[in-house]
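The block underneath contains the structure these notes are about, expressed in structure tokens.
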Amino acid sequence: ALNLLYRWAVLARDVKELAAAKSRSALLPSDVNIEPSNLCNADCVFCGYQFQTRSHKDIPVELGNNIISKAKSTGVKRIGFTPAVGEPLVHRRLEELIRSAAQPPRRLLAGITTNGILLTPARYISLVESGIHPICISMTYSDEQEYFRIYRNKGLRKIIANLEGILDIYDQHRCEIGLSIRTPRVKWRQHPLFVRARAAGWHLSNNK
């Protein structure tokens, strides 16, 4: 009887320790976000950038790599390079941070959200070769007045040229791309650019 009670006590202890371990692991983050830069080339009406009082600067690569290393050691699975405010592609050494995140062992899924102004086909290739996956592009319907009213920037033509150039070389197996379209229009999906993007496998969503 004592032997049976001892076994039950050991089993109860093991179950308790297992539950505690699971509880501790549940407290660890699975996602981490780094702000590459708090400088932006737009001034969107929906973003806190317009109220920012911090001085404009990029994160030092050494600090970013240290954060990435710590994230890997704690079991983080995904890392975002989307700023609280700012445009990630302003950081000229962003690819170094992406390579650090994507480098094995413990490779992190690294993604960004960008306004697309600096996302030329050449920069897109550079990001993909560094290991980015996925890329989300925030924009409006292809209308310059609507774009300027929301993003307070005259870069829509540049963005359209970038997207068309990327579509010419796009390989969906290397990097997923999403378009987050801010527009009140009901039939926005019928625009030829968005029709082409959807046919290429890009994910389109309406972010009113």
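The values are calculated or read from the model by the stated rules, or taken from the named source; none is laboratory data. These figures come from a predicted structure and were not determined experimentally. Positions of Cβ are backbone-derived with ideal geometry, glycine not excepted, and every protein chain shown enters the neighbour counts. SASA here: full protein model, heavy atoms, side chains in, ligands and nucleic acids out. Shrake-Rupley method; radii C 1.70, N 1.55, O 1.52, S 1.80 Å.
Quick notes
- Members of region 67-81 found to be assigned to a helix (DSSP H, G or I) and of a type in the set (A, V, I, L, M), listed by number: ILE67, ILE68, ALA71
- Of the residues making up region 179-203, those that are open to solvent by 40 Å² or more (accessible area, probe 1.4 Å) and part of a strand (DSSP E or B) number 2.
- The helices (runs of 4 or more DSSP H) found wholly in region 82-175 and carrying at least 2 residues that are within 19 Å of ILE59 (Cα to Cα) and in contact (Cβ under 8 Å) with a residue 40 or more places away in the chain occupy 94-102.
- Those residues of region 32-57 which are open to solvent by 80 Å² or more (accessible area, probe 1.4 Å) and either in contact with a Gly (Cβ under 8 Å, 6 or more places away or on another chain) or more than 23 Å from ASN207 (Cα to Cα) (or both), in sequence order: ASN33, THR53, ARG54, HIS56, LYS57
- Candidates LYS208, LYS158, filtered to the one that is out of contact with any Gly (no Cβ under 7 Å at 6 or more places or on another chain), at pLDDT below 95 and either more than 23 Å from ILE79 (Cβ to Cβ) or not hydroxyl-bearing (Ser, Thr, Tyr) (or both): LYS208
- Among the residues of region 55-78, none qualifies, meaning not one is under 30 Å from GLN145 (Cβ atoms) and of a type in the set (Ser, Thr, Tyr).
- Residue in region 142-150 that is farther than 23 Å from CYS175 by Cα and either buried (at least 19 other Cβ atoms within 10 Å of the Cβ) or under 16 Å from the mean Cα position of the chain (by Cα) (or both) present: yes
- Of PRO60, PRO83, all but one fail to be of a type outside the set (Phe, Trp, Tyr) and either open to solvent by less than 20 Å² (accessible area, probe 1.4 Å) or under 16 Å from the mean Cα position of the chain (by Cα) (or both); the exception is PRO83.
- Total residues in region 86-106, condition open to solvent by less than 50 Å² (accessible area, probe 1.4 Å) and either at negative phi or more than 15 Å from the chain's Cα centre (by Cα) (or both): 12
- Reported count of residues in region 27-66, each being touching a residue at least 12 places away in the same chain (Cβ under 8 Å) and either basic (Lys, Arg) or part of a loop (DSSP other than H, G, I, E, B) (or both), is 21.
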